[in-house]
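Read through the structure below, which is laid out as structure tokens, and then see the notes.
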Amino acid sequence: MAHDTAGGLTGWDLEGFHSGGDTEAWKRLGSHIVTVDDDERGPITGTRFAVWAPNAKAVQVVADFNWWNGDDLHLIPGSGVWATFIEGVGAGVRYKYRILDQWGTWHEKVDPMARYSEQAPGNASIVWESDYTWEDDDWIDRRTASKAYQEPMSIYEMHLGGWRKGLSYRDLADDLISYLQWQGYTHVEFMPLSEHPFAPSWGYQVTGYYSPTSRYGNPDDLRYLIDQLHQAGIGVIMDWVPGHFPKDDWALGRFDGTALYEHADPRQGEHLDWGTYIFNYGRNEVKSFLISNALYWVSEFHVDGLRVDAVASMLYLDYSRPEGQWVPNKFGGRENLDAIDFLRYVNSHLYRRHPGILMIAEESTSFAGVTKPVNEGGLGFGFKWNMGWMNDSLGYLGLNPFHRQYHHNEMTFAMVYQYSENFILPISHDEVVHGKEAMINKIQGDDWQQFATLRAFYSYMWAFPGKQLIFMGQEFGQRHEFDESVSLEWYVADMWGHGGLKRLFRDLNLIYRAHPELWQLDYDPEGFAWLDANDAQENMFSWLRRDKDGHVIACFTNFSPNPQTNHETGLPFPGVWKEILNTDIKRYDGTGQYGNLGQIVASEEPFGDFPASATLVVPPMGTVWLKYQDQDALSADDQDESQSEEDRPAQQ
């Protein structure tokens with residue numbers, strides 16, 4: 001039966017929630033198994049239910065234990081929070097709230113703070129308490145001491161249910177980890193794992209912000225997956241969606257009959273494009289709800305970072321709105337000042353609480369200072385997706401090779417603004433859905449030209465300043481657009497072309513991680529220098545990458561179908577430059593005909609602005625990386641990294 005207590009919850013406990021300063025609100029609101037003292041019987045165990053509904057006239061909990069008939073919650077004075085304690089209720093019980101609004105209408109709602117929920121099409125909240133014991137202390141210690149900007153980062157973005165259909169969180173702990181280790185990625189990024197009823201939303205229309213989706217298991221099963229990933233040396237990033245939420249009548253929208261989490265004015269509170277509500281970032285309780293949610297995933301699930309979705313939609317009051325359909329800020333501008341303050345608050349708090357995590361913005365405009373520290377006037381993110389680089393690169397790839405010479409500067413333009421933010425280079429799920437075609441089908445030509453161009457492009461990308469991200473299926477050239485309802489096309493993954501691309505990705509990651517030249521100074525101008533930014537006629541791009549100790553790798557990409565068999569280039573040093581990557585070798589299903597016999601030798605003859613020069617072979621639609629050898633003999637490690645004799649293309 002219901003007790004007339006709130007399970008120990010008081011108005012004092014809720015002051016932080018109402019001031020916007022409660023960053024662990026999940027510990028107070030929602031359902032919790034607790035033990036209370038009874039004057040007559042002593043300690044009693046049951047579940048405390050607590051929900052914020054300040055404009056409600058009455059609130060009930062309807063559940064398995066009361067045959068969905070309802071037990072009353074009691075308003076904690078001055079708090080707007082309703083609570084009750086139900087003796088004997090434990091984990092696994094399904095429940096909802098029934099809320100009576102000011103106009104006498106009852107609304108049945110799921111718990112905004114539920115930490116476990118029914119699998120769609122069901123939507124009831126479920127009482128849950130974790131008993132999981134983590135074993136990733138070594139990983140967390142390393143993360144805390146890490147310096148992400150100066151470390152390698154190659155990210156495998158994935159939709160968990162569409163990778164191999166039917167696998168649970170625990171199944172993935174075996175299959176996914178072995179694959180990621182073989183491929184060599186440093187991080188995996190999951191598209192949103194918060195509960196969502198509509199599968200084709202891919203998790204971007206969240207109804208259970210604190211509930212890991214139960215499609216793949218319970219919350220501790222997800223903890224197990226993340227724990228195992230950490231023990232295997234793989235970081236975990238999760239997409240987080242504070243920009244909007246759906247209008248399902250049983251979820252957050254008009255929660256107590258009024259606009260509680262959202263703005264009442266549709267010019268401020270609704271996204272026209274998505275048909276969703278916008279959070280009211282200026283309301284203290286909403287700030288507590290959202291910042292607690294961000295911290296919840298980092299603290300309770302040990303995720304290593306959050307990629308914040310649709311940041312641009314949060315920053316601008318006129319985002320995707322016609323003239324006259326938006327409300328200016330108090331200064332008459334278009335910036336959403338409340339959202340800006342909220343993002344600064346989230347980033348600064350999470351970085352302070354968990355040093356070493358990654359806060360990543362998907363921000364599609366040129367808003368200044370996205371990755372600038374908050375104390376210097378920035379938003380405080382650690383990284384930003386480089387959407388400009390992505391759009392320019394994919395536009396270039398889609399051209400007939402003959403026409404690429406007229407768009408050469410679209411590929412070099414990214415270096416103009418490279419050091420304005422800390423960029424991640426994303427070729428994400430967004431680029432292979434909704435009629436945009438799979439990556440391989442964006443490229444003109446026959447199979448050979450398509451695969452060769454993909455190999456050249458991804459190698460170009462891995463050598464470009466910034467961290468890298470690709471979406472699942474790209475690593476073997478899946479031909480169909482992403483479809484969450486089926487598995488990736490694994491049956492083609494080892495066929496000609498597809499298998500070569502998959503092997504290239506493995507080698508790209510292994511070579512990349514072994515060479516600090518390719519990542520240590522990503523955000524320092526000292527880490528990059530053009531060899532030739534202007535070879536438009538040959539569709540050639542060449543540059544140097546350096547590490548802090550002065551080691552150098554020269555990178556050449558030829559986006560023309562014509563081999564460069566006598567390409568002259570300047571170099572910073574005379575001597576031996578070892579070929580550590582050639583995308584035309586047979587291992588990658590290339591021709592095996594165009595290479596440098598493992599190395600070139602640069603002379604002391606000046607060329608352009610450089611004191612040394614050499615000639616080399618760059619394959620058609622191919623990439624070559626050359627590492628300067630500043631020792632007379634290769635170390636054993638260098639020998640291991642070299643391509644084998646049978647893989648090396650012949651000198652042309």
Which whole-angstrom value gives the distance between the alpha carbon centres of the stretch 352-391 and the stretch 232-302?
-> 20 Å
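Please get the size of the charge dipole for the stretch 66-114, origin at its Cα centre, with Cβ charges of +1 on Lys and Arg and -1 on Asp and Glu, quoted in debye to the nearest 20. Write down the numbers at each step before the final one.
Numbers: 4 positive and 6 negative charges, 29 e Å.
Once rounded to the nearest 20, the dipole reads 140 debye.
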Those residues of the stretch 72-116 whose amide nitrogen sits under 13 Å from the label point placed on K57, 7 Å along Cα→Cβ | 99-107
Scan around Y261 for amide H atoms under 5 Å from its own, H built in the peptide plane at 1.01 Å from N, and keep only partners 5 or more places away or cross-chain.
-> R254, F255
Take the eigenvalues of the Cα gyration tensor for the stretch 518-641, scale each by 5, and report the square roots as semi-axes in whole Å, largest first.
-> 21, 18, 15
Can you work out ³J(HN,Hα) from phi for every residue in the stretch 415-420, in order, using Karplus 6.51 cos²θ - 1.76 cosθ + 1.60 and θ = phi - 60°, giving whole Hz and x for Gly and Pro?
-> 6, 5, 10, 3, 9, 7
How big, on average over all directions, is the shadow cast by the Cα convex hull of the stretch 472-561, in nm²?
-> 8.1 nm²
Does anyone have the angle between helix 284-301 and the longest principal axis of the chain? Alpha-carbon axes, 0 to 90°, nearest 10?
-> 60 degrees
To the nearest 10 degrees, how steeply does helix 387-397 sit against the main Cα axis of the chain, on a 0 to 90 scale?
-> 40 degrees
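Within the stretch 97-126, report the chymotrypsin sites (Phe, Trp or Tyr not before Pro) that DSSP leaves as loop and that have at most 12 other Cβ atoms within 10 Å. Display every interim value, and only then the final one.
On the way: sites: Y97, W103, W106, Y116; in loops: W103, Y116.
Taking the stretch 97-126 and a limit of 12 other Cβ atoms within 10 Å, the loop chymotrypsin sites (Phe, Trp or Tyr not before Pro) found are W103.
Loop-only check: which trypsin sites (Lys or Arg not before Pro) in the stretch 30-92 are DSSP coil with at most 16 other Cβ within 10 angstrom? Provide the component values of the computation, followed by the final result.
Working: sites: R41, R48, K57; in loops: R41, K57.
Sites meeting the loop and neighbour criteria: R41, K57.
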A264-D39 pseudo-label distance in nm [points 7 Å out on the Cα-to-Cβ vector] = 4.2 nm
P(r) weight above 18 Å for the stretch 140-188, C-alpha pairs, percent | 42 percent
Give me the lysines in straight-line cross-link reach of K627: C-alpha distance below 18 Å, same-chain residues under 8 apart excluded.
-> K548, K578
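So what is the 222 nm mean residue ellipticity for the chain from helices alone, if each DSSP H run of at least 4 adds -39500 (n - 2.57) and you divide by all residues, rounding to the nearest 500 deg cm²/dmol? Can you show the working numbers first?
Details: 14 runs with 145 residues, N = 652.
Computed ellipticity for the chain at 222 nm equals -6500 deg cm²/dmol.
What FRET efficiency comes out for the pair N284/N441, r = Cβ-Cβ distance, R0 = 51 Å, nearest 0.05? Present the calculation step by step, with values, prior to reporting the outcome.
Details: r = 49 Å, r/R0 = 0.96.
The computed FRET efficiency comes out at 0.55.
List the chymotrypsin sites (Phe, Trp or Tyr not before Pro) within the stretch 331-391 that DSSP assigns to loop and that have no more than 10 neighbouring Cβ atoms inside 10 Å.
Details: sites: F331, F342, Y345, Y351, F367, F381, F383, W385, W389; in loops: F331, F367, F381.
Those that pass, being in a loop and sparsely packed, are F331.
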D (Stokes-Einstein, µm²/s), Kirkwood Cα radius, the chain, 0.890 mPa s at 25 °C = 92 µm²/s
Spacing of the two label points (7 Å from each Cα toward its C-beta) at S420 and R352, in nm = 3.0 nm
Can you sort W250, W12, W274 by how many other beta carbons sit within 10 Å, fewest first?
-> W12, W250, W274
Simple Cβ-charge dipole of the chain, Lys/Arg +1 and Asp/Glu -1, about Cα centre, in debye nearest 20 = 940 debye
Partners for K247 among aspartates and glutamates (Cα-Cα distance below 16 Å; same-chain residues under 8 apart left out) = E108, D111, E195, D256, E262, D265, E270, D273
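Rank these for me by crowding, K627, K442, going from fewest to most other beta carbons within 10 Å.
Details: K627 23, K442 18.
The most exposed by this proxy come first: K442, K627.
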Could I have the simple spin-label model distance between D64 and A533, label points 7 Å from Cα toward Cβ, reported in nm to one decimal?
-> 6.4 nm
Sorting W139, W67 on the 10 Å Cβ count, fewest up front, what's the list?
-> W67, W139
If you wrap the stretch 397-466's Cα atoms in a convex hull and average its projection over all directions, what's the area in nm²?
-> 5.4 nm²
Which distance in Å, rounded to a whole number, links the C-alpha centroids of the stretch 450-490 and the stretch 531-604?
-> 22 Å
For helix 337-353, report the angle its Cα long axis makes with the longest principal axis of the Cα atoms of the chain; keep it between 0 and 90° and round to the nearest 10°.
-> 80 degrees
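For the stretch 12-126, what percent of Cα pairs sit more than 21 Å apart? Numbers along the way, then the final one.
On the way: 2495 of 6555 pairs.
Looking at the stretch 12-126, the distances longer than 21 Å represent 38 percent of pairs.
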Relative to the present Cα-Cα distance, how much length would full extension add between T133 and E24 at 0.36 nm per residue of separation?
-> 37.2 nm
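Quick one: work out the % antiparallel among DSSP beta bridges in the chain, nearest 5. Present the calculation step by step, with values, prior to reporting the outcome.
On the way: 75 of 104 bridges.
Given both bridge residues lie in the chain, the antiparallel proportion sits at roughly 70 percent.
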Too long for a 19 Å Cα-Cα cut-off, among K57/K96; K147/K467; K147/K372; K165/K442; K442/K467; K147/K384, are K165/K442; K442/K467
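Bear in mind that the values in this text are calculations on the coordinates, not laboratory data. Remember, it's a predicted structure, so these values are computed and weren't measured experimentally. Cβ: placed from backbone, ideal geometry, glycine included. Neighbour counts: every protein chain shown.
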